[in-house]
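First up is the structure itself, then whatever we jot down about it.
Read the figures in this text as sums done on the coordinates, not as results from a lab. Not measured: the values here are computed from a predicted model. In this analysis, Cβ positions are derived from the backbone assuming ideal geometry, glycine residues included, and neighbour counts consider all displayed protein chains.
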Amino acid sequence: MVCAAPKLRCRHPDETSGSTGLGKVSRMPGVLMIAIVDDDESAREAAVDLVKALGFRASGFGSAASFLESEDLSRMDCLIADVRMPGMSGLDLHLTLAGSGVAIPTILMTAYPDEYARRQALVVGVKRYIRKPLEPEELLSCIRAAVGHAAASGNGDPQPS
Amino acid sequence: MAGWRCFQNSAKPFIRLRRPITDRREEEPDAPMTDATGRHPFLLTTAAPNRRQRRLAWGILAALACALLVAAPFARLILPGTEIVIPAYAAAAFLVEILTSALLFALFSVDRSRSVLLLATGYLLSGLLVLPWALTFPGVFTPLGLDPDIQVTPLIAAVRRLGFAGIILAYALAKKGRPGDRIRGPVGRVIAGRVALVLAGAAGIVLLAVLGAGRLPAFMQDARNVTPLWSVVPAASVALYSAGLAALWTRSRSTLDLWLMVVLGTLLIEILLISYLGGATRLSVGWWAGRFFGLASASVVLLVLLSETTTLLARLARSVRSERLARESRLTAMEALSASIAHEINQPLASMVTSASAGLRWLDKDVPRVGEARSALERVVRDGHRARDTVDGIRNLFRTDTRERVPVDLNRLIEGIVRRSEEETRLGQVSIETRLQQSPLPVTANPLQMEQVVSNLVANAVDALSTVTDRPRIVRVTTRSQGGSALVTVEDTGPGIAADIRDRIFDPFFSTKPEGMGMGLMFSRSIVEDHGGRLWASDNRPSGAVFHFTLPSGPASGAEAGR
């Protein structure tokens with residue numbers, strides 16, 4: 001594939017990309033809406049699907065910029081962003097959001113965990129710092145902790161741990 | 001996909017890897033210091049003298065010859081009372097010869113050559129014998145109570161002069177680079193043994209001279225004048241010096257040999273002044289002139305040897321350092337490359353784990369969501385293929401058949417690549433044009449590697465167009481024969497290559513793309529050069545970049561195919 005291809009796709013969030021059952025879930029009131037920002041397409045699709053399987057609604061973005069441009073920004077209850085991305089990193093995205101007064105609880109994920117970077121992130125208000133590949137139980141507890149209420153279980157999740 | 005494409009472009013850097021790293025380590029301590037025959041190319045004993053050194057050597061000899069002519073008319077004039085200069089002369093001669101000997105012992109410790117050891121021994125003996133020569137010189141150290149037989153001094157002088165001449169001749173004759181010339185065993189012990197031997201020898205010579213002075217044939221009539229018997233010593237010296245010069249002249253000469261020839265020439269002039277022009281009369285102008293010219297020349301030779309040794313050592317140190325730097329940068333490049341490879345493989349693996357977890361979750365629902373589970377599994381399959389492609393790409397790098405060359409029609413190869421990149425170009429809204437030479441364009445090449453080069457250049461061109469919005473996005477591939485070469489150009493209408501990065505685009509790990517490894521152009525260039533061609537970049541007009549490469553056209557030449 002060409003480099004341009006992911007960028008073109010990035011401008012169209014995966015929210016409406018037609019995976020089965022999406023419409024049903026997204027109509028449910030009270031179910032949390034989670035944004036996933038990751039430049040790697042397959043990682044993003046997998047994360048979006050896992051979050052949905054955990055019972056949340058989810059929407060994927062290929063870059064921090066496309067997320068910031070999104071009209072759905074205000075509807076997001078939680079943000080899960082990759083640390084290493086070309087252009088704006090996950091941490092920069094969090095700082096930008098915080099700076100513009102949009103307080104979306106943020107979870108950073110990375111395939112290259114680093115203790116110093118983790119502490120730096122938590123100091124500036126990132127809720128959780130988790131490693132890839134995403135473990136379902138860990139992700140679930142992180143989302144719950146990030147949004148701050150235990151009731152934030154995914155609707156229809158049969159086995160909340 | 002953009003990432004693993006880079007791996008396909010296998011080339012020399014990776015083939016080099018196949019040589020085990022441990023092998024390199026074992027070779028390295030010696031590698032920069034010895035040439036193919038195991039000699040040290042930087043040492044005085046093996047390095048050939050350059051023109052500047054030869055000129056200096058001839059200059060010294062010419063100056064001495066002039067001095068000889070100037071001193072000749074006054075050679076027999078006696079300078080009474082000049083005995084007091086003898087201690088100063090002896091001290092200087094002692095120091096010069098001991099230092100030269102130390103230098104030669106140091107040379108031996110690296111060179112291990114028997115002949116250099118012999119030479120060092122000769123200098124040490126000569127230097128040591130200067131002391132008793134001066135101490136026993138009539139009228140010099142008398143106030144200190146030293147007043148030996150007048151025959152002691154000439155005995156020591158004769159042994160010193162003939163011994164040194166004989167040793168240089170032995171060096172010149174022995175040192176023919178025979179295999180048995182090298183001495184094995186601990187250097188320190190060999191040198192210490194040799195120094196002890198010389199000390200004992202010198203002491204023995206002095207003792208014999210003192211004890212035997214009355215019984216041996218007399219060399220001196222009185223304190224100043226020699227007996228006719230003495231004439232044997234200068235004659236024998238002249239014969240030995242000449243033989244040594246001839247031996248050094250006829251064989252292949254090293255820098256050390258050149259300076260030894262200067263030394264012998266000097267000694268020859270010295271003995272002419274002392275024993276013939278000066279009439280062998282002590283304290284005559286000729287006698288003094290010979291000694292001082294000899295001393296001056298020996299000092300110059302010592303200084304030259306010192307400075308050359310220092311220069312050679314500095315050069316050696318530099319080459320060791322550059323070797324180490326090269327190894328370090330190679331390691332750094334390898335670390336960066338392994339990190340890139342790990343990233344390329346980890347990325348799909350992580351996605352597979354996440355997708356599989358999601359799939360399990362969908363199936364664990366009260367009412368299993370088979371549709372969602374299926375699409376998660378489909379992603380697992382897709383990512384699995386992606387990981388396999390990456391691994392295949394890496395494995396391709398290590399294929400043994402990259403040197404296999406067959407006749408290839410570049411036109412057909414390019415048509416195939418253009419056809420296969422249609423999906424990419426359509427997605428990128430790029431139109432790809434070909435202007436191929438009508439007739440086939442035969443080259444001898446590795447088809448797999450050539451495909452990698454062309455597809456890498458085309459992919460780069462397509463990538464470069466991704467930001468273009470105000471003009472048509474066009475990639476044009478052109479081929480034609482030019483001289484004895486096939487010329488291929490890949491041009492685009494993108495933003496072109498910025499001047500400040502132009503020099504770096506062929507460097508490893510240099511990339512302008514966020515997900516680029518920065519290996520593609522480096523590999524492409526090394527593949528093309530491996531095929532005997534050239535790859536370079538230029539500007540397209542009005543905008544964009546053009547990459548050109550040439551390959552020798554036609555069937556392989558014998559050399560190319562046989563490599």
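One table, with the values for the structure above:
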item	result
FRET efficiency, 1/(1 + (r/R0)^6) with R0 25 Å, evaluated for residue B:471 and residue B:500 via beta carbons	0.60
Helix B:187-212 vs. chain B, principal-axis angle (Cα, 0 to 90°, nearest 10)	10
Segment residue B:534-residue B:249, extension gain: residue separation times 0.36 nm, minus the distance between their alpha carbons	97.8 nm
Footprinting exposure proxy for B:83, B:423, B:372, A:45 (fewest neighbouring C-beta atoms within 10 Å first)	B:423, B:83, B:372, A:45
Theoretical FRET efficiency, 1/(1+(r/R0)^6), r = Cβ-Cβ of residue A:115 and residue B:334, R0 22 Å, to 0.05	0.25
Spatially proximal aspartates and glutamates relative to residue A:127 (Cα-Cα < 18 Å; intrachain offsets below 8 disregarded)	A:38, A:77, A:82, A:92, A:114, A:115, A:135, A:137, A:138
Mean projected area (nm²) of the alpha-carbon convex hull when segment B:22-324 is viewed from all directions	17.2
Inter-label distance for residue B:146 and residue B:326, nm, one decimal - labels placed 7 Å from Cα along Cα-to-Cβ	5.6
Kirkwood Rh, angstrom, segment B:402-562 [1 / mean 1/r, Cα pairs]	16.0
Percent of Cα pairs exceeding the 39 Å cut-off, where the set is chain B	55
Theoretical gain in end-to-end length, residue B:315 to residue B:196 [0.36 nm per residue, Cα-Cα removed]	39.5 nm
Gyration tensor verdict on segment B:38-194 (Cα atoms; rounded if a/c is under 1.5, prolate if a/b is larger than b/c, oblate otherwise)	oblate
B:173, B:325 arranged by Cβ crowding within 10 Å, fewest neighbours leading	B:325, B:173
Cut-off under 5 Å, modelled amide H: who pairs with residue B:432 long-range	B:475
Shape of segment B:357-485, Cα gyration tensor, a/c cut at 1.5	oblate
Residue B:184/residue B:236 FRET efficiency (R0 45 Å; Cβ-Cβ; nearest 0.05)	0.80
Cα lying deepest toward the dipole's positive end in segment B:22-324, options B:61, B:223, B:100, charges on Cβ	B:61
Unit charges on C-beta of K, R, D, E only; dipole of segment A:30-147, Debye	420
Segment A:56-153: C-alpha gyration tensor shape, a/c 1.5 cut-off, then a/b vs b/c	rounded
Value of [θ]222 nm, deg cm²/dmol, for chain B, DSSP H segments ≥ 4, -39500 (n - 2.57) each, nearest 500	-20500 deg cm²/dmol
Three semi-axes of the equivalent ellipsoid, segment B:253-392, Cα gyration tensor, whole Å, largest first	91, 11, 5
